[in-house]
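What follows is a single structure, written as structure tokens, with notes after it.
The values are calculated or read from the model by the stated rules, or taken from the named source; none is laboratory data. Keep in mind that this is a model prediction, so the values were computed, not measured. Backbone-built Cβ (ideal geometry, glycine too); neighbour counts: all protein chains shown. To get the accessible areas, we keep the full protein, side chains included, count just its heavy atoms, and leave off ligands, DNA and RNA. Shrake-Rupley method; radii C 1.70, N 1.55, O 1.52, S 1.80 Å.
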Amino acid sequence: PTWHAVAPRCRSLLDAFRSAGLPVCWTRHTHPPEDAGGIITHFGGRLQTDSDPLPQFAAGWDPLPGELMLEKSRYSVCSNPQWMEFFAPGALVVLAGVTTHRCILASALELAMRDCIPIVSADATASLNESLHRQSLGALGRS
């Protein structure tokens, strides 16, 4: 529900990366039919599939040709092994989008464990509410 509040900042960040010629990578959280979901089912209650509207990008949010777009079925971007083929140790990875308390937090921690340098854009990420968002940023060393 807080996506709309940060969407303009995500758009500014996306435009800046594109203008600078920096790589832009997209993720979409979806589960293939054969995936039982594991812990995602416990916390999320249901799995997002291709037919579900939740994993779809909002209107106007589409990868351009040449931008990496990967699907993930767990919270962290690292759950798709192709991400780690793209990011070498020492790579700076700027994270934006939703949700700070699950996907962003899990991705930042796992990227750091794989020797990448995660940078969470505090004003271009969102959670279910402001308190949960701030707590997540605090866990990542930002207040």
* Asked: Around residue 120, which amide H atoms from residues at least 5 apart in sequence, or from another chain, sit under 5 Å from its own amide H, with H modelled in the peptide plane?
  -> 95
* Structure fact -> FRET efficiency (residue 39, residue 117; Cβ distance; R0 25 Å; to 0.05) is 0.40
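Taking only protein heavy atoms into account and a 1.4 Å probe, give the accessible area per residue of the chain in Å².
57
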* **In order through the range 110-118: 3J(HN,Hα) via Karplus (6.51 cos²θ - 1.76 cosθ + 1.60), integer Hz, x for Gly, Pro** => 5, 4, 4, 5, 9, 6, 8, 10, x
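What shape does the range 58-130 have by the C-alpha gyration tensor, where a ≥ b ≥ c are the square roots of the eigenvalues, rounded means a/c under 1.5, and otherwise prolate means a/b greater than b/c and oblate the rest?
Oblate, because a/c is 1.5 or more while a/b does not exceed b/c.
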* Along the range 15-31, what does the Karplus equation 6.51 cos²θ - 1.76 cosθ + 1.60 (θ = phi - 60°) give for ³J(HN,Hα), rounded to whole Hz, x for Gly and Pro? -> 4, 5, 5, 5, 4, 7, x, 7, x, 10, 10, 10, 10, 9, 8, 8, 10
* residue 49 accessible area, 1.4 Å probe, all protein chains in place, Å² to nearest 10 -> 50
* To do: With the full set of protein chains in place, find how many percent of the accessible area of the chain is carbon and sulfur; take the probe as 1.4 Å.
  => 59
